[in-house]
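For reference, the structure discussed in these notes is given below.
Nothing in this text is a laboratory measurement; each read-out follows from the coordinates by a stated rule. All of these numbers come straight from a predicted model, not from anything done at the bench. Don't worry about glycine lacking a Cβ; one is built from the backbone with ideal geometry, like all the others, and counts go over all protein chains shown.
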Amino acid sequence: MKNLYLEINPEIQQTLSEGKPIVALESTIISHGMPYPENIKTAKEVEQVVRDNGSIPATIAILNGIMKVGLSENELEFLAKSKDIQKVSRRDIPYIISRKLHGATTVAATMIISQLAGIKVFVTGGIGGVHRGASETFDISADLQELTKTNVAVVCAGPKAILDIGLTIEYLETHGVPVIGFKTSEMPAFYTRTSGFSVDFHLDTEKEIAELLKAKWELGLQGGAVITNPIPEEFEMDKKLIDRAIDSALNDAERNNIAGKNITPFLLDSIKEVTSGKSLISNIELVKNNARVGSRIACELTSLYDED
Ligand code: PSU
Ligand code: MN
């Protein structure tokens, strides 16, 4: 049956039917993760990096209540500029659709829509996780739950250090989500290449990662995988600077009573201010780096399925 809520653009439709590689991209990072015009510039560049590495990019969002897979330049521009775009996670999808509103999709929502479209690899900057102080606030991103049940691999630069990385790892372990380090044994922390925590599995090639994913899904082991790809050294931030920025951002958030879905965008913006824009540059570069690796993983995965 045709899904009337889902619209896949012709290029993606064609690529899907040919069984060629596709990489999904999220839109919260555009609407709520970066300011204009850096957001639109980055969105376009990231799509280009995906193409340059062999896959077709499918940026995902909800527009006028329709889940769109693959956006036009005008649609990207709209997401980057308009103030009318809500941040949409799993919980928010039915409301945004039934009210025919616009939504930028988080990691969780983008995974759901990717799976509906038949896309297996998804690239973002950082995943949500267990927030610091979660034992009091219960603030655990819906991204983690999604990874336990939706069969999409997420390529990221690790959880941001604004989170409790140790608890995020514990949560993923409990729920059986493999965390892979691409060419690293240490969990990267978004702005920095290290965190002091280990990943579960260190793999050095995109092909090995594709083989792990294929084995997981052929065995019917439900859920995704987190592929962590450290920020390139030249764009890594000074640990002291970023730690100070995070502490100040967290204090700011508390003083302003920011909670729920507003906290991640608030912290990102506050960190950008405190680091005089340095964090934004790192953020842009790490997403492009993830796009390169994700695109190659998608290619390897397609070749593995072609061999069957
Ligand atoms: N990490 C970033 N930039 C972002 C986000 C995470 O570096 O914009 C977004 C992603 O869309 C992620 C969401 O899914 O924040 C998590 O929000 P929450 O913690 O409210 O679930
Ligand atoms: Mn939250």
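Things worth noting here:
- For R132, net neighbour charge (Lys/Arg +1, Asp/Glu -1) across residues whose Cβ lies under 12 Å away: -4
- Each of S276 and N64 was given a label point 7 Å from its Cα along the Cα-to-Cβ line. The distance between the two points is 4.6 nm.
- Ranked packing of 168-174, 155-161, most packed first, by mean Cβ within 10 Å: 155-161, 168-174
- Charges were assigned to the Cβ only: +1 to each Lys and Arg, -1 to each Asp and Glu. The resulting dipole of the chain about its Cα centre is roughly 760 debye.
- Protection proxy ranking for 226-232, 259-265, using the average of other Cβ atoms within 10 Å per residue and placing the highest first: 226-232, 259-265.
- For the pair segment 210-288 and segment 78-136, the centres of their Cα atoms are 15 angstrom apart.
- Of all the options A80, A104, A134, the one that moves most in a Gaussian network model of the chain with Cα springs shorter than 10 angstrom is A134.
- Two-site label geometry, E234 and S72: point separation in nm, points 7 Å out along Cα→Cβ: 3.7
- Lysine pair count for segment 43-149 with Cα-Cα distance under 29 Å and sequence separation of 8 or more or different chains is 21.
- Neighbour-count order for Y305, Y191, fewest beta carbons within 10 angstrom listed first: Y305, Y191
- Rounded to 5, percent antiparallel among DSSP beta bridges of the chain: 25
- Relative exposure of T59, T192, judged by other C-beta atoms within 10 Å (fewest first): T192, T59
- A helix-only calculation puts the chain at -14500 deg cm²/dmol for mean residue ellipticity at 222 nm, using -39500 (n - 2.57) for each DSSP H run of at least four residues, averaged over all residues.
- Each of R296, R132, R91, R51 has some number of other Cβ atoms within 10 Å of its Cβ, and from fewest to most they run R91, R51, R132, R296.
- When only the Cβ of Lys, Arg, Asp and Glu is charged (+1, +1, -1, -1), the dipole of segment 29-163 relative to its Cα centre reaches about 260 debye.
- For the chain, relative contact order (Cα pairs under 8 Å, six or more residues apart, normalised by length) works out to 20 percent.
- Computed from point charges on the beta carbon alone (+1 for Lys and Arg, -1 for Asp and Glu), the dipole magnitude for segment 1-103 about its Cα centre is near 460 Debye.
- With R₀ set to 45 Å, the beta-carbon distance separating E211 from N257 gives a calculated FRET efficiency near 0.45.
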